[in-house]
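J.: One structure, pasted below without further comment.
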Amino acid sequence: MASSGSSEAAMPSPATAIADVEAAEQLIHRWDPVASPSHDRMLFDGSDRADAELYLRAIDHLRQSLGPSSPAPASPSRSPSNTIQIAMARLEDEFRNLLLSRSAEPDLESLDLGSLSISSRSSDHDHDHDHDHDQNLSDAEDDPGGGSTRVASRSASSIREIDLVPPDAVQDLRSIAERMVAAGYARECAQAYSSARKSAVDTGLRHLGVERLSIGDVQRLEWEALEAKIRRWIRAARACVRVLFASERRLCDQVFGTPSSADAPFAETVKGAAIQLLSFPEAISIGRRSPEKLFKILDLHDALSDLLPDIAAIFRSGPAESIHTQAADILARLAEAARGTLSEFENAVLREASRIPVPGGTLHPLTRYVMNYISLISDYQPTLNELIVTTPSARFSGEETTDHPEINFPDLDNRTPLASHLVWIIVVLQHNLENKASLYKDAALSHLFLMNNLHYIVNKVKDSPELRGMIGDEYLRRLTGKYRQLATSYQRAAWVKILHCLRDEGIHVSGSFSSGVSKSTLRERFKAFNAAFDEAYRTQAAWFVPDPQLREELRISISERLLPAYRAFLGRFRHHIESGRHPEVYIKYSVEDLEMALMDFFEGCPPSVHGRKRSH
């Protein structure tokens, strides 16, 4: 009973309570700009905290007089409920003014934007392929953490929250929000917040270079322009999510106290900006598939995949959760676009139907393009191993035709689906090159063409540890054996006829009183050799073996067959020619002449008339 009596003694008398309510009403009406235009200054302008504190206490008194669940109907009389309405209108103005006057424009350019990627895979791609970044973003990397912006890390992620509003203003905003929500004005408070902050978020997007483009706008862009925009978008998206949206989420949580209260104003503030940000990768994901887009699609996929956990944390509940759902859907569409683009590339390699032989049997542009392409594919191995889950089909259109026959796929064990696709691309390329080799009328040049291209394929695989690891040494040995076999086939087609001139058969005459050598046959044999070698020199100096080591190996191999045979033939029969008339007509070349002439082979340019110096 004693405690009860003590409690009653502490309660104010009815008269005192009425006086407190009247005083609170008077204070609130005194700050009503409609009733007292002289009081048009803001209570929370930082000049005099006492007025603001008194005003908040007056609202608390009035709410206590109404009871915790009493409604606040509009009334023309000076009643507590009517006064609460006036107070809420004033607080809404103060709330909006605080957000507008005390908000600092985030200094995004002073942040180390390069550190906003926590995926080593994405970072590697940026380093290798991101050569013309937006200058502002590039400059930002040179000045990490500059200025007075406070940066706070959230756990182990790359979220960087910055102060959008000073801490003292945040406290005032929270005090106002608590009273508006408690009085049943949560919706008005959320609208005031979003109307004040939305423009700041939109400004941040513009500073980061995020353009307002429709899906149609994106899909009409030329590829070079689109490629540059993809690079800029990736870097801007990291800053948008990990700085701009994350900081806005934190400010909302600080002002409204609980995530459930903060969800609506946060969603209203950033949803439009988030949709604008995501519309770009969405347009890419549903655009026309062409091989050159694969790597930028993968860059977008990696960047969005890297950001998705942060998007889930920031847009975690309520109406904002749809942004995370949309981002996850776009990520899935980007994955499908990557798979479809790789399939389109495989078909394009088979369908490439140029019918003009490359001059000199050199490297075909298709070979260079395809091998550079699959070398880049190997750089994206971690991502593509996740996305490519099925092995290639040995048929393209489901029908076997003369143009697109079924191609034998090599039987290789322990291959990932991605590795199988890379091997398949090489198989398809080889098939196409064999068709192109048939365009050459000279069989030797046809073999040289295939040798050049397969040698290039082998070297590209050897030069890339990642690609070699996927292709495997077994298939690499098959390709190596194939180009060596082609080198042998070239020599057989190009030099057997020439070497045939140096045989002894038919030169010796039996049963004669002469020396036993038919000089007429011998002269014809030398003339045939000279003509055949002249033709070989004229044509094969214009043929081109672009790899210096292969070119030298081929010359050495020819020399090892030709020069000993010519030296022996010349040694056996030279005196028979020199004892007759005009020996220089038949013996045009010394062994040294041939050796020097072979140095001009496979250089890719026709020989000059005085290109060789002959010695006799």
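J.: Please verify whether the range 401-421 includes one or more residues that are of a type in the set (A, V, I, L, M) and at pLDDT below 85.
T.: yes
J.: On to the next question. Could you check, for the range 273-284, whether at least one of its residues is touching a helix residue (DSSP H, G or I) at 6+ places or on another chain (Cβ under 9 Å) and over 19 Å from residue 210 (Cα atoms)?
T.: no
J.: Then there's this: Residues in the range 524-531: is at least one surrounded by 13 or more Cβ atoms within 10 Å (Cβ to Cβ) and in contact with a Leu (Cβ under 6 Å, 6 or more places away or on another chain)?
T.: No: zero hits.
J.: Can I ask one more? Only one of 532, 536, 528, 541 is free of Cβ contacts under 8 Å to residues at least 40 places away in the same chain and under 18 Å from residue 444 (Cα atoms). Can you tell me which?
T.: Matching residue, one of 532, 536, 528, 541: 532.
J.: Return the residues of the range 61-86 that are exposed (fewer than 12 other Cβ atoms within 10 Å of the Cβ) and either at pLDDT 85 or above or closer than 28 Å to residue 169 by Cα (or both); say none if nothing qualifies.
T.: Passing the criteria: only 68.
J.: Shifting gears a bit: Among the numbered criteria (1) surrounded by fewer than 14 Cβ atoms within 10 Å (Cβ to Cβ); (2) in a helix (DSSP H, G or I), which one does residue 504 miss?
T.: (2)
J.: Would a scan of the range 412-433 turn up a residue that is more than 25 Å from residue 338 (Cα to Cα), touching a Leu at 6+ places or on another chain (Cβ under 8 Å), assigned to a helix (DSSP H, G or I) and open to solvent by 50 Å² or more (accessible area, probe 1.4 Å)?
T.: For the range 412-433, residues more than 25 Å from residue 338 (Cα to Cα), touching a Leu at 6+ places or on another chain (Cβ under 8 Å), assigned to a helix (DSSP H, G or I) and open to solvent by 50 Å² or more (accessible area, probe 1.4 Å): absent.
J.: Being within 30 Å of residue 459 (Cβ to Cβ), of a type outside the set (Val, Ile, Thr) and surrounded by 21 or more Cβ atoms within 10 Å (Cβ to Cβ), is that true of even one residue in the range 332-341?
T.: Among the residues of the range 332-341, at least one is within 30 Å of residue 459 (Cβ to Cβ), of a type outside the set (Val, Ile, Thr) and surrounded by 21 or more Cβ atoms within 10 Å (Cβ to Cβ), which makes the answer yes.
J.: When the range 435-457 is examined, which residues are found to be surrounded by fewer than 19 Cβ atoms within 10 Å (Cβ to Cβ) and assigned to a helix (DSSP H, G or I)?
T.: 435, 443, listed by residue number.
J.: I'd like the residue in the range 576-616 that is among the aromatic types (Phe, Trp, Tyr) and either surrounded by fewer than 16 Cβ atoms within 10 Å (Cβ to Cβ) or at pLDDT below 95 (or both) and, out of all such residues, is nearest to residue 547 (Cα to Cα).
T.: Here the answer is 589.
J.: Here is a follow-up. Out of the residues in the range 249-283 that are open to solvent by 20 Å² or more (accessible area, probe 1.4 Å) and β-branched (Val, Ile, Thr), state the one that is modelled with the highest pLDDT.
T.: Among them, the one singled out is 275.
J.: Conditions first: (1) at pLDDT below 80; (2) out of contact with any helix residue (DSSP H, G or I) (no Cβ under 9 Å at 6 or more places or on another chain); (3) surrounded by 12 or more Cβ atoms within 10 Å (Cβ to Cβ); (4) farther than 30 Å from residue 158 by Cβ. Residue 33 passes all but one, so which condition is the exception?
T.: Every condition holds for residue 33 apart from (2).
Per-residue answers, yes or no, for (1) out of contact with any Cys (no Cβ under 8 Å at 6 or more places or on another chain); (2) at pLDDT below 90; (3) under 24 Å from residue 240 (Cα atoms); (4) open to solvent by less than 20 Å² (accessible area, probe 1.4 Å):
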| site | (1), (2), (3), (4) |
| --- | --- |
| 139 | yes, yes, yes, no |
| 147 | yes, yes, yes, no |
| 151 | yes, yes, yes, no |
| 174 | yes, no, no, no |
| 187 | yes, no, no, no |
| 196 | yes, no, yes, yes |
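J.: Okay, next question. Just for helices (runs of 4 or more DSSP H) wholly inside the range 150-258: which have at least 3 residues that are in contact (Cβ under 8 Å) with a residue 60 or more places away in the chain and under 18 Å from residue 269 (Cβ atoms)?
T.: Because the criterion is at least 3 residues that are in contact (Cβ under 8 Å) with a residue 60 or more places away in the chain and under 18 Å from residue 269 (Cβ atoms), the helices (runs of 4 or more DSSP H) in the range 150-258 that meet it are 167-182, 186-207, 246-256.
J.: If we scan the range 298-307, do we find a residue that is among the acidic types (Asp, Glu), open to solvent by less than 10 Å² (accessible area, probe 1.4 Å) and touching a Phe, Trp or Tyr at 6+ places or on another chain (Cβ under 9 Å)?
T.: yes
J.: Considering only residues that are assigned to a loop (DSSP other than H, G, I, E, B) and open to solvent by less than 50 Å² (accessible area, probe 1.4 Å), look in the range 385-400 and name the one that is modelled with the highest pLDDT.
T.: It comes out as 388.
J.: Mind listing whichever residues of the range 246-272 are in contact with a Gly (Cβ under 8 Å, 6 or more places away or on another chain) and among the small types (Gly, Ala, Ser)?
T.: Within the range 246-272, 260, 264, 267 meet the criteria.
J.: Another question, then. Mind checking which residues of the range 495-514 are in contact with a helix residue (DSSP H, G or I) (Cβ under 7 Å, 6 or more places away or on another chain), among the charged types (D, E, K, R) and modelled with pLDDT under 85? So that I can check it myself, show each step before the final result.
T.: Filtering the range 495-514 down to residues in contact with a helix residue (DSSP H, G or I) (Cβ under 7 Å, 6 or more places away or on another chain) leaves 495, 497-499, 501-502, 506-507.
Applying the additional criterion that residues be among the charged types (D, E, K, R) yields 497.
Hits for the range 495-514: nothing passes.
J.: If you don't mind, there's one more thing I want to ask. Of all residues in the range 87-104, how many are open to solvent by 10 Å² or more (accessible area, probe 1.4 Å), of a type in the set (Gly, Ala, Ser) and part of a helix (DSSP H, G or I)? Steps first, please.
T.: Of all residues in the range 87-104, those open to solvent by 10 Å² or more (accessible area, probe 1.4 Å) come to 89-90, 92-93, 96-97, 100-104.
Right, trim to of a type in the set (Gly, Ala, Ser) and you get 89, 101, 103-104.
Applying the additional criterion that residues be part of a helix (DSSP H, G or I) yields 89, 101.
Residues flagged as open to solvent by 10 Å² or more (accessible area, probe 1.4 Å), of a type in the set (Gly, Ala, Ser) and part of a helix (DSSP H, G or I) within the range 87-104 amount to 2.
J.: Step by step: first the residues of the range 476-500, then only those that are open to solvent by 10 Å² or more (accessible area, probe 1.4 Å) and of a type in the set (Ser, Thr, Tyr), then the one that is nearest to the chain's Cα centre (by Cα). Which residue is that?
T.: In this case the residue turns out to be 480.
The values are calculated or read from the model by the stated rules, or taken from the named source; none is laboratory data. Everything numeric here is computed off the predicted structure, so don't read it as measured data. Cβ: placed from backbone, ideal geometry, glycine included. Neighbour counts: every protein chain shown. The accessibility values were calculated without ligands, DNA or RNA, using every heavy atom of the protein model including side chains. Shrake-Rupley method; radii C 1.70, N 1.55, O 1.52, S 1.80 Å.
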